[in-house]
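Colleague: Once you've had a glance at the structure underneath, I'll fire off some questions.
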Amino acid sequence: MIFYVGTFFLISILTLIAQYFSPENLRQILLFLVFLILLFILGFRNYTVGSDTPTYVNLYNSIGTFPIHWSDFFSSRFEIGFLKYLSFLHLFSTNYVIMLFTSAFIFLFCWFWSIKKLSTNIFLSFAIFFGLRIFTFAMTNLRQTLAMGLVLVSYLLFVKGKKFLAVIMVIIATTFHISAIVFLLYYLISSVKLTVKVEIALAVVTVIALSLFQTITESFSQIFSRFESYTEAGMTQGTDKLSIVVNICILILIFIFMQVINYSYQKNDKSLQNFDFENSYNMIIFIGILFSIISLKFVMISRLVYYFSMFSVFSLPNALKKIKDKLLQSTLVIILFLFFMAYVLIIMWFRPEWNVIIPYSSSLFL
């Protein structure tokens, strides 16, 4: 636990200096240093760090012992794109470290590039990145975090007007973790202005989905055999339900906070090719809330929420940028920083079983 506290403190100091006290050239050096620190921690973690890491290590060790065919896309336990990716890495080394290190590099590169392009406050963005447990999630859920990184790249293409390439990138992400396909839902309704009427309409759809949930999941499992066990094992209970309730509360607070600021300060950010970021982030976070509510009925749906909640890393700093009163803006940044840091540390202390990353150990020192 002390290791993670020290890491979060060090990263916070470096990003604080980079955001407020550094010229551009020094800022880039500091961010590169942050990248290396996180890459070292994530890429050189021991196979015992992360609840699912042993599964991926065993898979990597056996990757050459079974055939991989695209025709098995819907029946394979692991997505074919991910298996092909592991097979490619296996050509260079049979040591599992190359899998963890390369995956960490891809994941972090996507995030650092996205923060550079989309965030107006890297200090707060990294606090939210840690606070929403995205980094700790990456230490155990290797496939999905790779897919999340590719979805971020897809969004960057989308806001630049390259919509076809954005869709292709989501499809590629789906070959790493099939859950990524859910982000196409945002692209389908991205042109819709999120008004009260639209919010009510989406909420009604959510209620209908909940009422038909059992039928939907049974039909879904018949189509995709890999989800057959989810309909039986995926019902929410115990600590999973607590995690979901907490996440719903956090997302609702984020959404309300954004709405209050956006209403109080009407200036809209269309800095990149006249793209409406305010409506985009509002829609994405709202969809995340709806999926969170659905996940109260079916725990595996909570995995989908990450594709939407992760955009809080950009939306909150950008909303705060609208506030012209520097004292108020700085005060809110400090409050949010303390909130997210306290949140992640409390979760790690009282619910270590959610990610199984304590204690930390490195493959370099075995």
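We did not get these values from a lab; they are worked out from the coordinates using the rules stated. Predicted model only: the values in this text are computed from it and were never measured. For neighbour counting, all protein chains shown are included, and Cβ atoms are generated from backbone atoms with ideal geometry for every residue, glycine included.
Colleague: Taking θ = phi - 60°, what integer Hz values does the Karplus form 6.51 cos²θ - 1.76 cosθ + 1.60 yield along region 191-199, in sequence order, with x for Gly and Pro?
Modeller: Along region 191-199, the couplings run 7, 7, 6, 6, 10, 4, 4, 5, 4 Hz.
Colleague: Here is a follow-up. Would you mind ranking Thr15, Thr48 so that the residue whose beta carbon has the fewest other beta carbons within 10 Å leads the list?
Modeller: Values: Thr15 23, Thr48 14.
Listed from fewest to most nearby Cβ atoms, that is Thr48, Thr15.
Colleague: Under the definition of Cα pairs under 8 Å and six or more residues apart, what whole-number percent is the relative contact order of the chain? Working shown, then result.
Modeller: Working: 419 pairs, mean separation 90.6, N = 366.
It rounds to 25 percent for the chain.
Colleague: Can I ask one more? Sort Thr195, Thr174 so the one with the fewest other Cβ atoms within 10 Å of its own Cβ comes first.
Modeller: Details: Thr195 11, Thr174 21.
Sorted ascending by nearby Cβ count, the order is Thr195, Thr174.
Colleague: Please build a GNM for the chain, connecting alpha carbons under 10 Å apart, and tell me which residue among Phe135, Phe176, Phe314 fluctuates the most.
Modeller: Highest fluctuation of the listed residues: Phe135.
Colleague: If neighbour count is taken as other Cβ atoms inside 10 Å, put His90, His177 in order from fewest to most. Provide the component values of the computation, followed by the final result.
Modeller: Working: His90 18, His177 24.
The fewest-first ordering by Cβ neighbours comes to His90, His177.
Colleague: Still on this structure: What whole-number distance in Å separates the alpha-carbon centres of region 302-366 and region 157-204?
Modeller: 24
Colleague: For the chain, modelled as a Gaussian network with Cα springs under 10 Å, which listed residue fluctuates most, Ala166, Ala180, Ala201?
Modeller: Of Ala166, Ala180, Ala201, the most mobile in the Gaussian network model is Ala201.
Colleague: Label-point separation (nm) for Thr55 and Ala201, each offset 7 Å from Cα along Cα-to-Cβ?
Modeller: Label at Thr55, label at Ala201, 3.8 nm between them.
Colleague: With springs only between Cα atoms under 10 Å, which of Gly149, Gly64, Gly43 fluctuates most in a Gaussian network model of the chain?
Modeller: In the Gaussian network model the winner is Gly64.
Colleague: Kindly give Rg over Rh for the chain, based on alpha-carbon atoms, with the Kirkwood expression for the hydrodynamic radius. Walk me through the numbers before you get to the answer.
Modeller: Details: Rg = 20.3 Å, Rh = 21.4 Å.
On the Cα set of the chain, Rg over Rh gives 0.95.
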